[in-house]
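The next block holds one structure in the form of structure tokens; read it before the comments.
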Amino acid sequence: MSETPSNGETPIVRPRRSPAAIRAAADDFRTADAQLRAAGGDADPKAAKRNELLVSALFALGGLFGVGFLVAYFAIKLGPKHGDVLDQALKSNLALGLTLTGALLCLGAGVVLWVKLLMPHPQVTEDRHDFFSTEEDRLAAAADFNRGAEEAGVGRRPLLVGSLLAGTVPLLVAPIALLRDAGPMPGKTLRHTAWFKGSKLIDLTTGEPVKLGMLAVGSLVTVMPEGATVEEDATSPTILIRLRPEEYKPVKGKENWAPEGHVAYNKICTHAGCPIGLYEQQTHQLFCPCHQSTFNVLEHCKVVFGPAARPLPQLEIYLDDEGYFRAAGDFNQPVGPSFWERG
Amino acid sequence: MTTTAPRRSKPTTMTGKAVGGVGRWADDRFGGASFLRRTFNKVFPDHWSFMLGEIALYSFIILLLTGVFLTFFFDPSIKEVVYNGSYEPLKGVKMTQAFASTLNISFDVRGGLLIRQIHHWAALIFVASMSVHLLRVFFTGAFRKPREMNWVIGALLLQISLLEGFAGYSLPDDLLSGTGLRIGFSIVESIPVIGTYFGFFVFGGNYPGPQFIPRLFTIHILLIPGILLLLISAHMMLLWHQKHTQFPGPGKTETNVVGHRFYPVFMAKGGAFFLLVFAVLAFLGAAFQINPIWLYGPYNPAQVSAGSQPDWYIGWLDGSIRLMPPIETNIAGHTISWNLLVPGLVLPGVIFGLLTMYPFLEAWATGDKRYHNLLDRPRNRPVRTGLGVMSLVFYFILWLAGGNDIFAHVFHLSINTLTWIFRVGVIVAPPIAFVITKRLCIGLQRKDAALAEHGHETGIIKRLPSGEYIEVHEPIDAGLREFIGARAEGEGGPKPITRGKRPGGPLVAAQRKLGGFYGDGAPAPLPEAHHNGHGEHHPEELETPVD
């Protein structure tokens, strides 16, 4: 490219740094870089001495951080005798982590600089040798294979091959059979919860049976059947909500399921089995925080939004003479997520 | 520069002699000096994007190291205990031994919290670096023949790693992970015919299952790591054997490798990179809290916390479950819970199936049986790049949907509206992304062509004798031209067997159609440079084709 205008052309705008100058600077840089790549530290022995010191200093600093790690390990003690447990743990974590980071960083950076500044690292070219075989080798291998099969009589003695395969099959089934005792048959397990006829409704947090008057209108409590624990009966948790009596719209067969406006619904989402976590008083909606299925309590926990396809099963409850709530029996349908045999 | 055999000479220094002695002793017994020599001189190409897989490998090593430490203190038992350890707020709370021992690791074992946090961060980075590595391999076409099987192994590694991560995340038996397991059990239950049996056998009974945490522990620390180790070894051996791909550029061809020797440069750089990856993970473990199970509390089937999000790599599955409309059918007394089966099993099954088989699908569509050692620039394969971006958009919308409750809360939006936006978006946005990406690729190709034809702008404005103003352009140098002009058509490799007449039929018709679809937008050869840049022609000359 021409820099000086000729034949009457007038340059009227020039960039501050001419392309030539930029190119020259880039060329200088490339030359220096190429020298470093080709010769490493030998390119400039004086610079190499300096760089050697720099890299060694990084390695030494890494060692110091390593010592710091050991000091932090022994100096910061854990446990209640040494101050606030969480504070101590976090302090120890920070000290150990940062010293470890420092040590690794210094050593890693040192090696990188070693390569970049002191090791020759020229670009080299290597041929890709074919790793596949020649056609002759392939044919020869196939011929050898066939010869072996022929000698073993695989083709000629079908009885041998057949009986070998037949003899192996039971052994292949055995490991599957061995896994049979990995768990019980589902049987009717998924159809039942721990609720039974006459069970009191036990407040999960206090462990006390729920009595009329304990719940204010608009509030709710998670209840379990008597004698059951959430750890063992993970599908039994049930929500007891107190509505205003007129808010409960009874349907046929469920006229008496809401004594004094108290309704009980299984807490396990019919979608993926999370416990329904949130109740919005204003809209009377139960909300599952896992996948946002929303159930309307005023419509017998019909699904109003989200991926759940079925309402939450309702538990029939009644008030006994002493004012305790009791279950009239188990849920009348399987609770929780759907499964093939659910029907 | 070509490979020159290193000088052969008798060692003169003390260390040289010692190494020689040990080497001689070993070679007398095992042989292998020639193998070592080939290994030392093996050439690895250099590009920043080739380090993504390395990050995954080093994270895996760090996972093994930190994991072994954790097994010394973790007790995978669901035996119920009343906590009486050092963390005051949870004293007297009933929890499983698994949760209690995790608290113990965090508060009573020096360095325990750090190792736990590094382990968790390493798991997140492991999956992340694998994913980005996969994208690099996809968009540059590194999966093409002869490397299809290494893609398959890589895809399996990713899938198994998701399982491994989920298993590890579930072990402490905290409130968050227990909720995740409950959802997992429900997904298993939704499998037609065998779902309940399978769930009961795996969990040792109905959820939560008395056997599950100990079994998960064995799976997490023995079974899956073993499989991962095996597959990673196979992945590396194939990479070693087939040699690395490289980007096109000066001196780079389909039949050579340009880069650094394995020993000492590549080895030193690799070792340094391991230290640096470890340093980053240690820093994350030191300064960024992860999975503070003492804040979540022990698992309780009757409780759940708002804003329950899994680790990032499970987010897209959680999102797909959130977006699914409430569909369930009941035919002849049998219930199929489509709202779990489709987003939880069918969708990931189809996606992972397509992902794993992609190299074969593309090769079948394009009929390309050649060897490819030079990488594609994504813009030169507009359809593949479009499909990739389309899949990414699909994935990210599902991933965002996994946090729809957080978005609704933070931005004061209705969760219902937001869910509907995601439901529509996940179907509509990907095809749009495909079209836009393909167009962008073609635009970039044209930019390349213009650059090759006219050269760089120099910033110099000239006035011609005719009075016309032009900007002087400078032709691009040969190296750049080679890079942007490479079409990576592939060569070498065994000769494919040519069959006689190709059979007809609908499959072949489909293949042709797909081939046409794939070939659309393929770049033309790069145009020749104008000898003196843009504009130095008289108007009448410009009207005739140049050169």
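The values are calculated or read from the model by the stated rules, or taken from the named source; none is laboratory data. Being a predicted model, the structure only gives us computed values, none of them experimental. Cβ: placed from backbone, ideal geometry, glycine included. Neighbour counts: every protein chain shown. These area figures cover heavy atoms from the full protein model, side chains too; ligands, DNA and RNA do not enter into them. Shrake-Rupley method; radii C 1.70, N 1.55, O 1.52, S 1.80 Å.
From the phi of every residue in the range A:188-200, what ³J(HN,Hα) in whole Hz does the Karplus formula 6.51 cos²θ - 1.76 cosθ + 1.60 yield, where θ is phi - 60° and glycine or proline is x?
9, 3, 6, 8, 10, 10, 7, 5, 9, 4, x, 5, 6
Using a 10 Å cut-off on Cβ to Cβ distances, tally the other chain neighbours for every residue of B:264-276 and report the average as a whole number.
5
Ignoring ligands, DNA and RNA, how much accessible area is buried between chains B and A, both sides summed, with a 1.4 Å probe, to the nearest 100 Å²?
That pair of chains buries around 9000 Å² in total.
Treat each spin label as a single point 7 Å out from the Cα along the C-beta direction, and report the B:Trp240 to A:Thr205 distance in nm.
Result for the modelled spin labels: 6.1 nm.
Over 24 Å between Cα atoms, which of A:Lys49/B:Lys42; B:Lys243/B:Lys269; A:Lys267/B:Lys91; A:Lys49/B:Lys269 qualify?
Among A:Lys49/B:Lys42; B:Lys243/B:Lys269; A:Lys267/B:Lys91; A:Lys49/B:Lys269, the Cα-Cα distance tops 24 Å for A:Lys49/B:Lys42; A:Lys267/B:Lys91.
Among the lysines, which have Cα under 18 Å from the Cα of A:Lys249 when same-chain residues fewer than 8 positions away are ignored?
Partners found: A:Lys302.
What is the calculated FRET efficiency for A:Val251 to B:Ala128, with r their C-beta to C-beta distance and R₀ = 41 Å, to the nearest 0.05?
Here the calculated transfer efficiency is 0.20.
With the cut-off at 1.5 for a/c, could you classify the range A:44-177 from its C-alpha gyration tensor as rounded, prolate or oblate?
Oblate.
Roughly how many Å² is the accessible area per residue of the range A:259-343, as a whole number, for a 1.4 Å probe?
Here the residues of the range A:259-343 average 30 Å² of exposed surface.
Between A:Leu54 and A:Leu319, what is the label-point separation in nm under the 7 Å Cα-to-beta-carbon projection?
8.5 nm
Rounded to the nearest 500, what is the 222 nm mean residue ellipticity of chain B from helices alone, with -39500 (n - 2.57) per DSSP H run of 4+ residues and division by all residues?
-18500 deg cm²/dmol
Under unit Cβ charges (Lys, Arg +1; Asp, Glu -1), what dipole magnitude, rounded to 20 debye, does chain B have relative to its Cα centre?
Dipole size: approximately 1860 debye.
Multiply the residue separation of A:Leu70 and A:Asp137 by 0.36 nm, subtract the distance between their alpha-carbon atoms, and state the gained length in nm to one decimal.
Net length gain for the segment: 18.1 nm.
Could you work out which residue, out of A:Ala177, A:Ala149, A:Ala43, moves most in a Gaussian network model of chain A, that is, has the largest mean-square fluctuation with Cα springs under 10 Å?
Checking each option, the largest mean-square fluctuation is seen for A:Ala43.
At a Förster distance of 35 Å, what's the computed FRET efficiency of B:Tyr263 paired with B:His456, Cβ-Cβ distance as r, to 0.05?
Plugging the Cβ-Cβ distance into 1/(1 + (r/R0)^6) gives 0.30.
What distance in nm separates the two pseudo spin-label positions at A:Leu171 and B:Ser34, each 7 Å out from Cα along the beta-carbon direction?
Here the answer is 3.9 nm between the modelled labels.
With a 1.4 Å probe and all protein chains left in place, how much of the accessible area of chain A comes from carbon and sulfur atoms, in whole percent?
So the carbon and sulfur contribution to the accessible surface is 61 percent.
Show the residues, 5+ positions off or on another chain, whose built amide H is closer than 5 Å to the amide H of A:Ala258.
Amide H to amide H, under 5 Å and 5 or more residues apart or across chains, A:Ala258 pairs with nothing.
Tell me, what ³J(HN,Hα) does each residue in the range A:130-138 have, in order and in whole Hz, if you take phi through Karplus 6.51 cos²θ - 1.76 cosθ + 1.60 with θ = phi - 60° and put x for Gly and Pro?
So the J values, rounded to whole Hz, are 4, 9, 8, 8, 6, 4, 4, 4, 4.
Can you list residues whose amide H is under 5 Å from A:Asp330's amide H, if they're 5+ apart or on another chain and H is modeled 1.01 Å from N?
A:Lys197
At a 1.4 Å probe, what is the % contribution of carbon and sulfur to the accessible area of the range B:291-380?
Carbon and sulfur together cover 71 percent of it.
Summarise the accessible area of the range B:71-198 (1.4 Å probe, protein heavy atoms) by the percent that is carbon and sulfur.
Ligands and nucleic acids excluded, carbon and sulfur reach 70 percent.
Shape call for the range A:88-243 from the C-alpha gyration tensor, a ≥ b ≥ c root eigenvalues: rounded (a/c under 1.5), prolate (a/b greater than b/c) or oblate?
Oblate is the answer for the range A:88-243, as a/c is 1.5 or above yet b/c matches or exceeds a/b.
Under a 1.4 Å probe, what is the accessible area of the range A:22-118 per residue, stated in Å²?
The answer is 58 Å² per residue.
Could you go through the range B:105-115 in sequence order and give the Karplus-derived ³J(HN,Hα) for each residue, using 6.51 cos²θ - 1.76 cosθ + 1.60 with θ = phi - 60°, rounded to whole Hz, and x for Gly and Pro?
Running phi through 6.51 cos²θ - 1.76 cosθ + 1.60 with θ = phi - 60° gives 4, 6, 10, 10, 9, 5, x, x, 4, 4, 5 Hz.
Rounded to two decimal places and with Rh computed the Kirkwood way over Cα pairs, what is Rg over Rh for the protein assembly as shown?
Rg/Rh: 1.04.
Please give every one of the lysines within straight-line cross-link reach of B:Lys438, meaning a C-alpha to C-alpha distance under 30 Å, and leave out same-chain neighbours fewer than 8 residues apart.
Straight-distance partners of B:Lys438: B:Lys145, B:Lys252, B:Lys369, B:Lys447, B:Lys513.
As a check on your grasp of the helix formula, calculate [θ] at 222 nm for chain A: sum -39500 (n - 2.57) over DSSP H runs of n ≥ 4, divide by the residue count, round to the nearest 500.
-12500 deg cm²/dmol
Name the long-range amide H neighbours of B:Thr458: under 5 Å, sequence gap of 5 or more, or other chain; modelled H, no Pro or chain starts.
The list, which skips near neighbours in sequence, is B:Val472, B:Glu474.
Under the definition of partner shielding as Cβ atoms of other protein chains within 10 Å of a residue Cβ, what is the mean value for peptide B:299-310?
Mean inter-chain Cβ contacts per residue within 10 Å come to 6.
For the range B:301-325, list residues with backbone N below 18 Å from a point placed 7 Å from the Cα of B:Phe198 toward its Cβ?
Zone members listed by number: B:317-318, B:321.
Hey, got the dipole for the protein assembly as shown? About the Cα centre, +1 on K and R Cβ, -1 on D and E Cβ, debye to the nearest 20?
So the dipole magnitude of the protein assembly as shown works out to roughly 1700 debye.
Can you work out the FRET efficiency for the pair A:Ala34 and A:Gln333, with r the C-beta to C-beta distance and R0 = 56 Å, to the nearest 0.05?
Once rounded, the FRET efficiency stands at 0.10.
According to the square roots a ≥ b ≥ c of the eigenvalues of the Cα gyration tensor, what is the shape class of the range B:361-459, taking rounded for a/c under 1.5, prolate for a/b larger than b/c otherwise, and oblate for the remainder?
oblate
Two decimals is fine: what is log10 I(q)/I(0) at q = 0.06, 0.07, 0.11, 0.13 Å⁻¹ for chain B, from a Debye sum with one equal scatterer on every Cα and no solvent?
Treating every Cα as an identical point scatterer, log10 I(q)/I(0) equals -0.43, -0.57, -1.18, -1.41.
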